[in-house]
1. Relative to the present Cα-Cα distance, how much length would full extension add between I443 and K311 at 0.36 nm per residue of separation?
2. Beyond a 29 Å Cα-Cα separation, which of these cross-linked pairs lie in this structure: K338/K426; K198/K242; K338/K723; K203/K242; K338/K568?
3. Within the set K114/K160; K114/K666; K386/K588; K200/K614; K264/K507, which residue pairs have Cα atoms separated by over 32 Å?
4. Given the peptides 199-209, 146-156, 247-257, arrange them by the average over their residues of other C-beta atoms within 10 Å, most packed first.
5. Quick one: 3J(HN,Hα) in Hz for the range 497-503, Karplus 6.51/-1.76/1.60 with θ = phi - 60°, rounded, Gly and Pro as x.
6. Can you tally the net charge around V436? Count Lys and Arg as +1, Asp and Glu as -1, for every other residue whose Cβ sits under 13 Å from the Cβ of V436.
7. Quick one: net charge around Y474, please, counting Lys, Arg +1 and Asp, Glu -1 for every other residue with C-beta under 12 Å from its C-beta.
8. Aspartates and glutamates near K314 by alpha-carbon distance under 13 Å, same-chain residues fewer than 8 away left out - which ones?
Amino acid sequence: MCHAIHRTCEESKPFRFDKDIWGWLELPSSTSPSRLTFRGSALLIPPSFFISTSLIYIPGESPLLPAMVPHPFSALTIEECDIARDVILQAHPGASVYFRIAQLLEPPKAELTKFLAAEHAGQLSSSTPRPARMAEVKYDAIEAGSKVPVYQESWVDVGKKERVKHDVISTEFHASLTFPEFHTFVEVCEASPMFKEKIKEFKLPPGFEIVIEPWPYGGLDDSDENRRFFQGLIFAADASKKNLDTNFYPYPLPIIPIMDWAKKEIIRIDELATGGTADPFLGKTHTAGVLDHCKSSEYVPELFGEENLRKDLKALNVTQPDGASFTVGEGNLIEWQKWRFRVSFNPREGAVIHDVWYDGRSIAYRLSYSEMTVPYADPRPPYHRKQAFDFGDGGLGHCCNNLQLGCDCLGVIKYLDGVVMETDGKARKADNVICVHEQDNGINWKHTNWRTGRGVVTRRRELVVQFIITLANYEYIFAYKFDQAGGIVMEARATGVVSVVHIDPGKTADWGNVVSPGALAQNHQHCFCVRIDPAIDGYNNTVVYEESHPMQIDAVQNPNGNRYEVRKTPITTSTGLDIDPLNGRVFKVQNLDKRNPISGKPVGYKIIPPATQKLLAAPNSIQNNRALFAQHHVWVTKYKDHELYAAGRYTLQSRHESGGVADAVKRNESTVQEDVVFWNVFSLTHNPRVEDWPVMPVEITQVSIVPSDFFTANPSIDVPSSKNNGSQLADCCPTTNGTNGVNGHANGVNGVNGTH
C-alpha cells in the first residue's frame, strides 16, 4: 500500500495513519533540511514542519521508504561498504584480506539516463526502476597456505549482497598506496641496521631527530625487478623546540632509503649528490656536518613568533544575515540561482559533480578532476624517479582535509562528509571533506548611462564546491565555481612547502633554486587534467574549435583591412589537440540539433583552457611515457562507461601509461553528435622562488566553461541590483573628492561616472 502525504501543520497535534508506516519530517526553511525518520501509526508533528513523501507498507515485512535508498549518484554509505566487505570476506574464506579502496561503481550511463529522465520529469515513484547499487572493491588477498598477496578487484551488488565481477589484476600493475603502508615504511626504516648505520655517518646538530617522509617509488628503472617498492626523503627536525609542528623541511639529508614491500626490508640506500651545476651527478661532496649551514624556517605562529605577526590587519567578516541562498537536499542535491546538480565524494577523485542543469536545461553529466602528475626536473639520479600521480598512486580522497569553519571557507557553510574504507575493511566517515558556500567575486555586470549618470551594477555571486588535499609537503585546493550567468570555473590552487633536497654551501644549480641555506627547491611541473562530460541540451554533442585569424586587405572581402576571419573546425573523430593562444583558439561543445532562436547558431558552451605548457620531459623518457595524457592540452573521446582516469587506472610504478586518454583516442571513434567527453590538461611549471619559502602563496589555474549561444540573452540580467548596507566609508584617511552616490540605485555623482 502506498500513501502519498503532503501536509503542513499549524499547531502540534497527532497525525494518524491507518497502518504502521515509515516517513520523515522536513523543515523546509532550513538550508540543510531537518529530517527525522519515523515509524508508527501516530506521530506528533511540531508546528511549521512539513511532511511529504511516498510511504510504503508491505504486510509482514519491514516498511521501505524510497528516499532511504541512496540516489544512484550518491557515494556508498557506511552500511553499503560493510556489505561489500562482508561479501569479499565470504568470497575468500580463510584468506587474509587487505582492503585498499571501496567506492561506488557508477551505473552504466544508458541505464542511469532513463532514471534521470524520470526524475527531471517528476515521474519518480516507488516502482521506478533504479540502477543496482554497485561497490567497486580493491584489495589484496593472501589465500590459506600462501604467503603471497594477490591484488584483486571485485564488483559487489550491495542490494543483492553478491559479487558480480571479479578480476585478479596482472602483476604488471600495482595497487594504489595506503596510509598504513607509509607507516610500515617508516617503521621498517627505523628498525633497519642499514639505515641506522647510514644515519650515523652524519653529525646532526644537538637535539635533532630524523624525519622520514614516504614517497611513491616512481617509474621503475630498467635494472629494477617488477616488485613493489617504497622510497623516502629524509630530513631532520629540531626536537629541542618541543613542538611536533616544527618545520623539518629546511634540514634535508642526502639519502633515499628503498624498501621492498614484500620483504618489509630496506634493500638499498641511494646516496644523493649535493653539489651544484658544475659538479658531478654522482659522488659525495658533503661533510659529516651536512646540516651545519642550514637555517630554521618556521611558519606555525607560536614558533614563528606571535610578536612577528602583523598587527595592522583588521577583521574582515563575511556575513549573510538572511542565511545561504542555496539548499542541499537528499543525495547531496544542490540548488542555487537556477542551478541544480548533485555532489558525491570518492576516494580517488575527491568531490565529483553530477547531472548539472541550469534553469531547466542540461549542461553536463559529470565534472571531475581526473588526474595530476608532478614530475621533477633534477637530472641527477635517482631524481628521475621523483614523479607522483596524486590521484592514481594513492587516491587523493584519502588525503582530503577536515575543513574547519571560518578557516578554509567563509560565510554560511554547508559541509559534506565522505566515506572511506580502512585496510581492515571497516568503513568510517570522513568529516567535512567538502564545503559548499557562496562568495562575492566583484562586479557581475554594470552599465552607466553617461547622459544621466545613472549606473546599474550587480555583484558577481558564486557558489563554490571545494575540497582540499594534503600530499606530504604540498596542498591543493580544488574548487567548482558556479556563477549566476550560467558559467562554471574549475579551479586548482597549489600551496604548501616546495620539495627540497640538500645542496652544499655556496652552490647553485640550474635545475632548481636555493630557497634557504642548504635547501634546493627543484624545478618541477604540476600537470592537472579535468574531465568534462557535457550534456548540452542532451547527451549527443559535437566539439568545435574556433580561431580568429587576420585577413589580408581585399577589395571585396576586406577593403579597409579591419576584418578578421573566424574559423570553426569540428572535431569529427577522437583525437588530441593543443591550445593556440596566438590565434585565440577556444573550444565549443555544441548540440548541432538545437539552434539558438536569436543567432541561428547551434546552442553550446565554450571551454577556455588556460594557456600553460605541456609536459616538458623528453619524448620516450620514463616520465613522459608514464604521462602520455600530458602530451596534449585537449583530448576529445567518445564516452565509455568507467573510463574516468586520464592516465589510466594503474599509475603506481608504471613505465608506460595504460588505459588512459592516449589509448582512448586510438579507437578512432566518431565524435560528431555523439556522447563525447572533453579532457583538458593544464599545468603549473614551477621554477621555485625564494618567496615560495617556507610556505608558498597559492598559485592558481582555472578552466572556464561559459554559455555560447545557449541562452537568448544574458542569463543574469535578472540579478537584482541591491545595495550592500554593510559597506561604509573608510576612516583611515580624509575625504578629498566629491560625493560618492548610491551607484546603481540613484544618480551617482563622481565626475561623469562611466565615461572612462
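1. This chain segment gains 44.5 nm when fully extended.
2. Checking Cα-Cα distances, K338/K426; K338/K568 exceed 29 Å.
3. Too far apart for the 32 Å limit: K386/K588; K200/K614; K264/K507.
4. The most tightly packed comes first, giving 247-257, 146-156, 199-209.
5. Computed from phi, the couplings for the range 497-503 are 10, 5, 6, 10, 10, 6, 9 Hz.
6. Neighbourhood net charge equals -2.
7. Result for the local shell: -4.
8. Leaving aside aspartates and glutamates fewer than 8 places away in the same chain, those within reach of K314 are D731.
Bear in mind these aren't lab numbers, they're just calculated from the coordinates by the rules spelled out. Since we're looking at a predicted model, the values are computed, not measured. Don't worry about glycine lacking a Cβ; one is built from the backbone with ideal geometry, like all the others, and counts go over all protein chains shown.
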